[in-house]
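Novice: The structure's right below; bear with me while I get my questions together.
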Amino acid sequence: MSTAPGYRPSRPLRHDGASHDVHGATLSEVPADPTWTPAGLQPRVVVARRRLIMATLVLGTLAALTAGLSVLLGHGGWSVLDYVLLATFLLSTPWTVIGFWNAVIGFAILHGSRDPMAAVAPFLSRAHPDDPITAKVALALCIRNEDPDAVFARLSVMRRALDATPWGERFVAVVLSDSSKCEIIAAEEAAAHRLAASARHSGSVRYRRRTDNAGFKAGNIREFVDHAGDEFTFMITLDADSLMSADAMLELVRVMQATPRLGILQSLVVGRPAESGFARIFQFGMRHGMRSYTTGSAWWHADCGPYWGHNAAIRIDAFREHCKLPVLPGRPPLGGPVLSHDQIEAAMMRRAGYEVRVLAREGGSFEENPPALPDFLKRDLRWCQGNMQYFKLLGMPGLLPVSRLQVLLAILMYMGAAGWVAFILASAVKVLEPATTEPFPVAFGISFFVVIFVMSLTPKIAGLADILVRRQERARYGGGARLVAGGLIELVASTLMAPAVALADAIFMIGLAFGRRVGWDGQKRDGYRLSWAHAFKGLWPQVVFGLAVAGLLGAVMPGVLPWAAPMLAGLIGAPAFAVATASPAFGRWLAARGLCAIPEEFTPDATLVAAEAAEAGERLEERLAA
């Protein structure tokens, strides 16, 4: 094979009717091959076979687990509570089973395939690093009552990074504000003016503020694409905490240019290094757990991939024409504008004949995570409210089966939490039933419990194993010992946190029926010291619920308490967990020892270093001005 300068490997045969001579920027008159996915990336038969395999694995596993639980519940005969337990188990288990198989398949691809990316990201072969950027791209940054200094510091880093490439003039940073607080609005306008004045290209920074918050974030984006979208071919959607390298943004755009029937391309977003202990632990678990999980899900999602609402490239004309969200019938919180817009927009894009794909590979796409458990719950409840609105969207006409399944799974993600709480309640009440003389299958019961527990941890285990078996990856995380220690800390923390989050979701869903709601507003992103009063104010229901269950079990069946200890500790100790993990001192203690650290802490990333310097500079200017 020639290695002469400028040599470019031949591009693969196309099946989407597009021509190579314009880097796939326009469709030719040749019709797409109907036996391939719309963008011509994979044969439909291959995708169908993968989905059949996944369905067989998931349904087979669910059937086996249901049979196992039936053996335990049928001990001594069936009662009404036994049927309740079985129903709640079936409600709460699908997410666990799907996560298990996503992780297993993803790990197998990462370590059993010669080219894992070819299996899950075939679109990468369409674009080359030296392809020119011919499209005009909007960096659509949505904000509402956020810290303007931090937001514009990150945007300035992205703006300068793009200007350092030959393609900076093809990108326009468009700040789409829905802020309502006067002091924040004034600061936004001043920061936008400074950034525009310092930009290399005239008109490459723009600021627009709506006077209302109609339609929440989705309405903000919709207003932009309807009134200003004609100027742009693509937009890269950004949240207030988004940060992307120039290489990451250019790669998304090059793939979109080369694949005219690709409607949305989602990058794999990872957390930035954090000062808060809570954020460090959470994003450490997400970082290694997402690798195998996302690879596995991308394998069978294929052309019906996810959209997470930010750090993604979107084809504007297709989005404007096909992804306008309906206003749901009824009154808020379950009626009115759609709060969780992203999954529905992805389903609508795919319905229109455009593929939606995820790039299941880390690379220059960052976000920030909540600094404390109360902030995490606030965000989670907002997502819960939005996902519960999906009940009214399940019957949308024309959705592909996989897209409809994804909408259903988004509902089950939170219904499963309610199912888990109901399962615990029913189990606690069941101990009051008269005991039978028939010997209980203790060994089988313990084995069943262990199987479910291990399955729930498999995405984390697979992620850790993926790193541990590769020397270079171990080094990126500070070595195997640090990685394993961080993994154990994260395992304990996530085990304690899960029941508190599940109960919060369950209580909130009950409140939805009575009009309780949350809205879209600014979020806390910097670490802070959480007071005990603040922790108890939001987490007292967990304490009361945990004490009630512990008291009942202790009085009637004390032998069960050791098995219930992790759950009870997470509930009763929720305020203490929140205060301890939010403590800046705890975060510093973890950081000093390299625990729950991500690769960028050992090998600084240029984009992150520039962002930290810019954020520090903005804070200094603010203090001097004050």
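The values are calculated or read from the model by the stated rules, or taken from the named source; none is laboratory data. Fair warning: this is a prediction, and the values are worked out from it, not measured in the lab. Cβ sites come from the backbone with ideal geometry, for glycine too, and all protein chains shown count toward neighbours. Calculation scope for accessible area: heavy atoms of the full protein, side chains included, ligands and nucleic acids excluded. Shrake-Rupley method; radii C 1.70, N 1.55, O 1.52, S 1.80 Å.
Novice: Can you name every residue in region 370-385 that is under 14 Å from the mean Cα position of the chain (by Cα) and open to solvent by less than 30 Å² (accessible area, probe 1.4 Å)?
Specialist: Listed by number, the residues that qualify are Pro370, Phe376, Arg379, Asp380, Cys384.
Novice: Same structure, new question: Are any residues in region 575-594 over 24 Å from the mean Cα position of the chain (by Cα), buried (at least 18 other Cβ atoms within 10 Å of the Cβ) and within 14 Å of Pro374 (Cβ to Cβ), and if so, which ones?
Specialist: Hits for region 575-594 are Pro575, Val579, Ser583.
Novice: Identify the residue in region 387-412 that is in contact with a Leu (Cβ under 7 Å, 6 or more places away or on another chain) and open to solvent by less than 40 Å² (accessible area, probe 1.4 Å) and, among all such residues, is farthest from Val338 (Cα to Cα).
Specialist: For region 387-412, the residue satisfying everything is Val407.
Novice: Looking only at region 105-125, decide whether some residue is open to solvent by 20 Å² or more (accessible area, probe 1.4 Å) and aromatic (Phe, Trp, Tyr).
Specialist: Yes, that holds for at least one residue.
Novice: Among the residues in region 162-181, are any part of a helix (DSSP H, G or I) and buried (at least 22 other Cβ atoms within 10 Å of the Cβ)?
Specialist: Taking region 162-181 first, the residues part of a helix (DSSP H, G or I) are 162-163, 168-170.
With buried (at least 22 other Cβ atoms within 10 Å of the Cβ) added as a condition, the list becomes 162.
Yes, some residue in region 162-181 is part of a helix (DSSP H, G or I) and buried (at least 22 other Cβ atoms within 10 Å of the Cβ).
Novice: Out of everything in region 126-145 that is surrounded by 22 or more Cβ atoms within 10 Å (Cβ to Cβ) and not aliphatic (A, V, I, L, M), what residue ends up being nearest to Pro43 (Cα to Cα)?
Specialist: Arg126
Novice: When you go through Leu568, Leu547, Leu539, Leu503 one by one, which is the residue that is hydrophobic (A, V, I, L, M, F, W, C), surrounded by fewer than 17 Cβ atoms within 10 Å (Cβ to Cβ), at pLDDT 95 or above and part of a helix (DSSP H, G or I)? Quick ask: steps written out before the conclusion?
Specialist: On the way: Leu568 fails: surrounded by fewer than 17 Cβ atoms within 10 Å (Cβ to Cβ); Leu539 fails: surrounded by fewer than 17 Cβ atoms within 10 Å (Cβ to Cβ); Leu503 fails: surrounded by fewer than 17 Cβ atoms within 10 Å (Cβ to Cβ).
Testing whether each residue is hydrophobic (A, V, I, L, M, F, W, C), surrounded by fewer than 17 Cβ atoms within 10 Å (Cβ to Cβ), at pLDDT 95 or above and part of a helix (DSSP H, G or I) leaves just Leu547.
Novice: Can you find a residue that is of a type in the set (Phe, Trp, Tyr) and either over 30 Å from Ser179 (Cβ atoms) or in a loop (DSSP other than H, G, I, E, B) (or both) anywhere in region 507-514?
Specialist: From region 507-514, those of a type in the set (Phe, Trp, Tyr) are 508, 514; that's our starting set.
In the following step, the residues that additionally are either over 30 Å from Ser179 (Cβ atoms) or in a loop (DSSP other than H, G, I, E, B) (or both) were identified as 514.
Yes, region 507-514 contains a residue that is of a type in the set (Phe, Trp, Tyr) and either over 30 Å from Ser179 (Cβ atoms) or in a loop (DSSP other than H, G, I, E, B) (or both).
Novice: In addition: Residues that are open to solvent by 10 Å² or more (accessible area, probe 1.4 Å) and touching a Lys or Arg at 6+ places or on another chain (Cβ under 6 Å), at least 1 per element: which strands (runs of 3 or more DSSP E) completely within region 198-298 meet that? Show your work before the answer.
Specialist: Values: elements: 205-209, 234-238, 262-267.
Fully inside region 198-298 and qualifying: nothing.
Novice: Out of (1) of a type in the set (Asp, Glu); (2) within 30 Å of Gly386 (Cβ to Cβ); (3) loosely packed, with under 13 Cβ neighbours inside 10 Å, what's the single condition that is false for Glu438?
Specialist: (2)
Novice: Give just the number: which of (1) of a type outside the set (A, V, I, L, M); (2) at pLDDT below 95; (3) open to solvent by 40 Å² or more (accessible area, probe 1.4 Å) does His75 not satisfy?
Specialist: It fails just one condition, (3).
Novice: Given (1) assigned to a helix (DSSP H, G or I); (2) under 29 Å from Glu601 (Cβ atoms), identify the lone condition not met by Leu530.
Specialist: Unmet condition: (1).
Novice: Which one of Val338, Val327 is surrounded by fewer than 20 Cβ atoms within 10 Å (Cβ to Cβ) and β-branched (Val, Ile, Thr)?
Specialist: Values: Val338 fails: surrounded by fewer than 20 Cβ atoms within 10 Å (Cβ to Cβ).
Sole residue among the options that is surrounded by fewer than 20 Cβ atoms within 10 Å (Cβ to Cβ) and β-branched (Val, Ile, Thr): Val327.
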